[in-house]
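The values are calculated or read from the model by the stated rules, or taken from the named source; none is laboratory data. Quick caveat: nothing in here was measured; it's all calculated off a predicted structure. Counting neighbours? That spans all protein chains shown, and the Cβs are built from the backbone with ideal geometry, glycine included.
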Amino acid sequence: MWLGYQGASARPAPLRPINFRLLRPATLSARDNIGSGYVAVPYPPPELELKNKVLGIVEDGNWALFTSSTVAVSDEKPSSRVVLSPNLTTCHQSLSDADVPVYCCPPKPESDEPFIDFKFPDESQPIRVRRPAHLVDKEYIAKYNKALTIMRSLPYDDPRNFIRQANMHCLYCTGAYNQKHSNALLKIHRSWMFFPWHRMMIYFHERIIGSLMGDDTFALPFWNWDAPEGMVIPIMHMNGSFIDPDRDSSHLPPTVTDDNYNHVESGLGPEEQITANVALMYHQMVSGAKKMELFMGCPYKAGENGFCDAPGTIELAPHNTLHTWVGSNLNPEREDMGAFYSAARDPIFYAHHSNIDRLWEVWKGLRGKNQATLIDDPDWLDTYFFFHNEKLQLVRIKIRDVLDITNLRYTYQEVENPWLNARPKPSVPPQMARHMLKMRDNNQNGLLFPSNNLMSDFGPEGRTLDTIIRVRVYRPKTDRTKKEKEEEEEVLLVYGIDVKKDMYAKFDVFVNAVDETTIGPESREFAGTFVNVRRGVKRVMNEGDDVVVKRKTNIKLGISELLEDLEADGDESIWVSLVPRGGTGLNIAVDGVRIEYLR
Ligand SMILES: [Cu+2]
C-alpha cells in the first residue's frame with residue numbers, strides 16, 4: 001500500500017516566517033517589513049479555485065486526493081510516470097548549524113492557493129534586453145532602485161515582497177518541500193535542475209520588478225564576472241536598495257573577483273587574478289564542458305532512488321565560489337550570499353544568476369547546431385515548480401516552458417567572451433613533466449600507489465583530504481581517434497565525496513602536475529574543482545523526524561582536451577592530485593578516482 005504524504009499535519013507549529021533573522025539581529029531592518037500585520041491582497045479569485053482542485057489531483061497519475069487538510073492515502077501505485085515536483089502541502093522548517101530554526105515557508109500554504117499553468121508572454125511584447133550591470137545607465141538604476149524599495153515595503157503576505165522572493169530560493173535549496181508522491185526532499189542544486197530552476201526564479205522576479213515600475217521592457221542586469229570589466233562587484237550594487245550590508249568588506253570594489261575562491265585570499269595581483277579567472281572560465285565553459293551532463297549536471301529524478309549528486313561545471317565555479325566570495329566573513333554561515341538559504345536577500349543574487357543564465361545560452365551557442373544542447377528526457381522537461389507572477393497568481397511552470405528565451409521575450413546584450421580562446425598552457429613542458437613524474441614513480445616515498453585502477457579506490461572509508469592526495473589512475477583506453485574522442489569524452493570521476501558538515505568545502509583537481517601547490521586554473525594541469533556551499537541548514541525537519549540531508553557526492557571532469565595538451569593521450573595512467581583548499585579538507589573524504597567515458 002502506498003501511503004500518501006500527510007499534508008498539513010507535517011507543517012510545524014506556526015513560527016514567525018523569518019525566524020532565521022535571529023541569526024543576525026544586528027541586521028534586522030525595517031525595510032524588510034517582516035511579519036507586519038497587513039491585510040493580504042484578496043486572492044484567489046473564486047473562478048480559479050476549481051481548476052486547482054482538478055489539476056492538483058490528477059495531473060500525473062492516479063493519485064489520491066490532496067488537500068492541505070486531509071491525509072492522502074492510496075492503495076494504488078502510480079499508474080504513470082512520476083515527474084519531479086514539490087508537494088506544496090509539506091513545507092517544513094530546518095535547523096541551522098546553530099540550532100536556530102530556518103523557516104522560509106510562505107505565510108499561507110501555496111497548496112491552499114489556486115494555480116494557473118504558465119503561458120508564454122504575448123509575442124507582441126517587446127524583447128527585454130538584459131545588459132551588463134557595469135554598463136547600465138543612471139536612469140535605469142534609479143527606476144530599478146525604486147522598484148526594489150517598493151518590494152521591500154510590501155507586506156510579507158504579498159508574494160512580491162522582497163524577502164518572500166528571496167525565500168523562494170530558501171525553499172528549494174534547503175529542501176523545505178518534499179517531492180510530490182514521496183517523502184524525499186526536493187532540492188534544486190547539484191543537478192540538471194540548477195539552470196532551469198534559477199531561470200524561472202529570476203524570470204518571475206524580473207516581471208514583478210517590471211510591473212512595479214510600470215515598465216514591461218525592464219530586464220535584469222547581469223554581473224559580467226567572466227570578463228575583466230565585470231570582475232568587481234558592480235557599482236550599482238553599492239548604492240540605495242541594492243546594498244546588502246552582509247558582504248565581505250574586503251571584497252568590495254575595487255577588489256577583483258576571485259572566481260575560483262578558495263575561502264582564503266588568493267594573494268594574486270589584479271592582473272594575475274583576471275588571468276586566472278579567464279582561464280577558469282575557459283575550463284568550465286569549453287574544455288571541461290564538452291558533454292551535456294558535464295555542463296548541466298547529473299539527471300535527478302523523482303523519488304529517493306533517482307537522486308543524483310554531480311553538479312555541472314559552472315554551478316561549482318564560479319557560481320558556488322562567488323556566492324561564498326560575496327557573503328560576509330563575519331556571519332556564521334557567510335550570509336547573505338554565502339549560504340543558500342539567505343543568498344537571494346542580496347540583490348546581487350539576481351545579477352549573479354542572470355549571468356549564469358546567460359552562460360547557459362552561450363554554452364548552447366558554442367555547442368553548435370549539430371550537437372544536442374537540450375535534454376530530451378521527458379522527466380526533465382515535465383518537471384515543474386510553482387512561482388508567483390506579477391499579478392500575484394500562483395503559476396505552475398515546467399522546465400520545457402523555459403528552454404527558449406525568445407518565448408520568454410528576453411535576450412542578452414552581446415558581449416565579448418574573453419575566455420573563449422584562453423586555452424591554458426602547461427605549467428611545466430609536458431616532456432619534462434613526464435620525466436619528473438616518472439622519477440617520482442620510481443621513488444618509494446609513501447605517496448605512491450602501484451599502477452592499477454583498484455588502488456585509486458580508497459575503500460569504503462575513503463580518504464580524508466587533510467593533505468594533498470596524489471594517486472595514479474589507470475586509463476582503460478589510450479590513443480583514441482579524434483572521432484572517438486568527439487563521441488566519448490574522457491571523464492575523471494571523483495566519487496564518494498563526503499562533506500562531513502554543511503560548510504564551505506573545496507578541493508581542486510590536477511592531472512600530471514609536478515607541483516600542484518603552486519598552480520591554479522591558469523595552468524593546463526587544472527582539471528576542475530569541487531565546491532560545497534552551505535545550505536545554511538544542518539537538518540531538515542520532515543514528518544516529525546529529522547532527515548539527515550548529508551549524502552555523498554561525485555564530480556565528473558572532462559579531460560580529453562587537457563590530456564592532449566599535456567601530451568598524455570598515449571599513457572596508460574595519469575597522475576591525479578586532489579588539493580584541499582582554504583583549510584577545508586579535514587571536512588572532506590573521498591572514496592576514489594577513476595576514468596569513465598561519457599557520450
Ligand atoms: Cu541557487
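Here are the numbers for the structure shown:
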item: Candidate set from the stretch 394-420 (those that are in a loop (DSSP other than H, G, I, E, B) and without any contact (Cβ under 8 Å) to a residue 24 or more places away in the chain); member that is surrounded by the fewest Cβ atoms within 10 Å (Cβ to Cβ); result: Glu414
item: Test: residue in the stretch 193-208 that is of a type in the set (A, V, I, L, M, F, W, C), modelled with pLDDT of 95 or more, assigned by the TED database to the domain that holds Pro109 and more than 15 Å from the ligand (Cβ to nearest atom); result: yes
item: The stretch 154-189: number of residues that are farther than 18 Å from Ser85 by Cβ and in a loop (DSSP other than H, G, I, E, B); result: 8
item: Conditions (1) buried (at least 24 other Cβ atoms within 10 Å of the Cβ); (2) within 14 Å of the ligand (Cβ to nearest atom); (3) of a type in the set (A, V, I, L, M, F, W, C); (4) under 22 Å from Tyr412 (Cβ atoms): number failed by Trp223; result: (2)
item: Members of the stretch 201-220 found to be in a loop (DSSP other than H, G, I, E, B), closer than 16 Å to Ile127 by Cβ and of a type outside the set (D, E, K, R), listed by number; result: Thr217, Phe218, Ala219, Leu220
item: Positions within the stretch 107-144 being of a type in the set (S, T, N, Q) and surrounded by 13 or more Cβ atoms within 10 Å (Cβ to Cβ), in sequence order; result: Ser111, Gln125
item: Residue under evaluation Gly297, criteria (1) within 16 Å of the ligand (Cβ to nearest atom); (2) of a type outside the set (Ser, Thr, Tyr); (3) surrounded by fewer than 23 Cβ atoms within 10 Å (Cβ to Cβ), criterion not met; result: (3)
item: Which numbered condition Asp158 misses (of (1) crowded, with 21+ Cβ neighbours inside 10 Å; (2) of a type in the set (D, E, K, R); (3) out of contact with any strand residue (DSSP E or B) (no Cβ under 7 Å at 6 or more places or on another chain)); result: (1)
item: Lys138 being more than 23 Å from Arg207 (Cβ to Cβ), in contact with a strand residue (DSSP E or B) (Cβ under 7 Å, 6 or more places away or on another chain) and either away from the ligand (no atom under 13 Å from the Cβ) or at pLDDT 95 or above (or both); result: no
item: Residue list for the stretch 300-320, filter: of a type in the set (Ser, Thr, Tyr) and surrounded by fewer than 24 Cβ atoms within 10 Å (Cβ to Cβ); result: Tyr300
item: Residue list for the stretch 308-367, restricted to those being part of a helix (DSSP H, G or I), more than 14 Å from the ligand (Cβ to nearest atom), farther than 28 Å from Lys552 by Cβ and among the aliphatic types (A, V, I, L, M); result: Val362, Leu366
item: Every pair of residues 6+ apart whose Cβ atoms lie under 6 Å, when the first sits in the stretch 172-200 and is in contact (Cβ under 8 Å) with a residue 12 or more places away in the chain and over 19 Å from Asn389 (Cβ atoms) while the second is of a type in the set (Asp, Glu) and within 11 Å of the ligand (Cβ to nearest atom); result: Phe194/Glu315
item: Meets criteria (surrounded by fewer than 17 Cβ atoms within 10 Å (Cβ to Cβ), modelled with pLDDT under 90 and under 20 Å from the mean Cα position of the chain (by Cα)) for Arg534; result: no
item: Among (1) part of a loop (DSSP other than H, G, I, E, B); (2) buried (at least 20 other Cβ atoms within 10 Å of the Cβ) - the single one Ala372 does not satisfy; result: (2)
item: So Ala147, is it of a type in the set (Gly, Ala, Ser), in contact (Cβ under 8 Å) with a residue 60 or more places away in the chain, surrounded by 24 or more Cβ atoms within 10 Å (Cβ to Cβ) and more than 13 Å from the ligand (Cβ to nearest atom); result: no
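Yes or no, residue by residue, for (1) farther than 23 Å from Asn417 by Cβ; (2) among the β-branched types (Val, Ile, Thr); (3) surrounded by fewer than 23 Cβ atoms within 10 Å (Cβ to Cβ):
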residue: His198; (1), (2), (3): no, no, no
residue: Asn239; (1), (2), (3): yes, no, yes
residue: Phe242; (1), (2), (3): yes, no, yes
residue: Asn262; (1), (2), (3): yes, no, no
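Residues checked against (1) at pLDDT below 95; (2) surrounded by fewer than 20 Cβ atoms within 10 Å (Cβ to Cβ):
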| site | (1), (2) |
| --- | --- |
| Phe510 | no, no |
| Thr518 | yes, yes |
| Asn554 | yes, yes |
| Glu564 | no, yes |
